[in-house]
Amino acid sequence: MKEKTSITLSPEVLAEVDHLAGSKLSRSTFIERVLRSYFRERSRRKAHARDLQRINAAADQLNSEAAEVLAYQATEE
């Protein structure tokens, strides 16, 4: 179920909404699609940042272990 709301936009923004929505979409439909797209992208970016943090944390540990192995091998030669 949708809820009716009111927003205030500058004339320039409203003109751009009308231009991009064209005659096939209502302003409300267009704005809702744009917002949903923004929310999805924001969610993807947060997930990407979390994944990158996990990868970097694992990389630091693996790099440390590799350095230990290389140091051990260097002492055997």
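Things worth noting here:
- Against the chain, whose longest principal axis is taken from its Cα atoms, helix 11-21 shows a tilt of about 80°.
- Segment 1-40: GluC sites (Glu not before Pro) in DSSP coil with no more than 16 other Cβ atoms inside 10 Å: GLU3
- Straight-distance crosslink candidates among lysines, where the alpha carbon sits under 22 Å from LYS24 and sequence neighbours closer than 8 are dropped: LYS2, LYS4
- Each Lys or Arg adds one and each Asp or Glu subtracts one; over the other residues with Cβ under 13 Å from the Cβ of HIS19, this totals -1.
- Angle between the chain longest axis and helix 27-76 axis [Cα atoms, degrees, rounded to 10]: 0
- The charge dipole of the chain, taken about its Cα centre with unit charges on the Cβ of Lys, Arg, Asp and Glu (plus for the first two, minus for the last two), comes to roughly 980 debye.
Just so you know, all these numbers are worked out from the coordinates, no wet-lab data involved. Everything numeric here is computed off the predicted structure, so don't read it as measured data. Virtual Cβ from ideal backbone geometry, glycine too; neighbours counted across all protein chains shown.
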